[in-house]
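The values are calculated or read from the model by the stated rules, or taken from the named source; none is laboratory data. Please read these numbers as outputs of a predicted model, since none were measured by experiment. Positions of Cβ are backbone-derived with ideal geometry, glycine not excepted, and every protein chain shown enters the neighbour counts.
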Amino acid sequence: MQHPSEDLKNIESLLEFYVDAGIDCFLGDSPVDWTELSRRKAAVQQKPQAAEVARQTAPAELPRIESRAPAPAAVPAQLTARSASPAKPSNPAVIPDREVVASARDQAASAASLEELRACLEAFDGCNLKLTAKKLVFADGNPEARLMFVGEAPGRDEDLQGKPFVGRSGQLLDRMLSAIGLDRSSAYIANVVPWRPPGNRTPTPQETEICKPFIRRQIELVNPDVIVFLGAASAKNLLGVQDGIRKMRGRWMKYPVSGRDVDAIATYHPAYLLRSPLEKRLSWRDFLSIRSKLSGP
Ligand code: URA
């Protein structure tokens, strides 16, 4: 007979495998409206008036985000058989994504310092990535730095350590920084999404929209002079540009921070450079350009 601790280890590694394979939600016998649950929790945490104001002031351009739940017709009959006639929830109201985003915006805006913003994120339950991530990956480096890097989302090593860019791509980023005479004490590093997506999948548009108010506030609070977007995803999400990274990289743009236009540039993501080392030549140009921007007038 197996020792109970062996059983536990097996269950743990099976669960880890599921998470790594991208399975981030478990199905029970009856349906659970998770969005309704998080709405109730958020309603308890925030003042009712704030939620109403946020709903009314949600920007019109907010993209329509598809629900991640599969359409009923797409579910094979044998999978739905057991819950063929589920009990109807007493309150069938479904929280629109807009409302979660508005609540994220409210909470991010209320943070008066980076410490408060981190605490807000630790308490925030509106993003399902938090359920599978081991740690919040908030930031690394120097909050007083003039240079800020923004990546897309943490990977496995970052999730384990709770710090951005500490895996292989982070080591490459450190080498690139050192090539222009800088290190993490002269830069601040964060991600658009602060929780690792299971199996390192791309964050969904919904997850990204929910996390965006927090990274926007984080940029405001750091108030850097130069922002470097690592990879197309972070630049597209925060600058709204639609070009691919090949076209976008190396071009100076402006990112508005509290009424000030901050110099911003996109460059290849270090993970891409690890796969395509020849492109390091172009990144090198970008880093030289970053160095002269920092030393310029
Ligand atoms: N890739 C990212 O975009 N961010 C990290 O923190 C690590 C890898």
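Taking each residue of segment 187-199 that is within 13 Å of residue 163 (Cβ to Cβ) and looking for partners that are polar (S, T, N, Q) and near the ligand (Cβ under 8 Å from one of its atoms) with beta-carbon atoms closer than 9 Å, six or more apart or interchain, yields 191/234.
Residue pairs whose Cβ atoms lie under 7 Å apart, separated by 6 or more positions or on different chains, with the first residue in segment 151-179 and over 16 Å from residue 267 (Cα atoms) and the second among the aromatic types (Phe, Trp, Tyr) and outside any loop (DSSP other than H, G, I, E, B), do not occur. In segment 156-180, how many residues are within 7 Å of the ligand (Cβ to nearest atom) and not charged (D, E, K, R)? Residues in segment 156-180 being within 7 Å of the ligand (Cβ to nearest atom) and not charged (D, E, K, R): 5 in total.
Screening residue 147 on (1) in contact with a Ser or Thr (Cβ under 9 Å, 6 or more places away or on another chain); (2) within 12 Å of the ligand (Cβ to nearest atom); (3) under 19 Å from residue 283 (Cα atoms); (4) not acidic (Asp, Glu) shows it passes everything except condition (2).
Every residue, every condition in (1) over 19 Å from the mean Cα position of the chain (by Cα); (2) more than 14 Å from the ligand (Cβ to nearest atom), yes or no:
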site	(1), (2)
204	no, yes
213	no, yes
217	no, yes
225	yes, yes
234	no, no
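I'm told residue 223 meets every condition in (1) over 29 Å from residue 118 (Cα atoms); (2) at pLDDT 95 or above except one. Can you identify the failing condition by its number? Single failed check for residue 223: (1).
Out of 153, 111, one residue alone is part of a loop (DSSP other than H, G, I, E, B) and near the ligand (Cβ under 9 Å from one of its atoms). It is 153.
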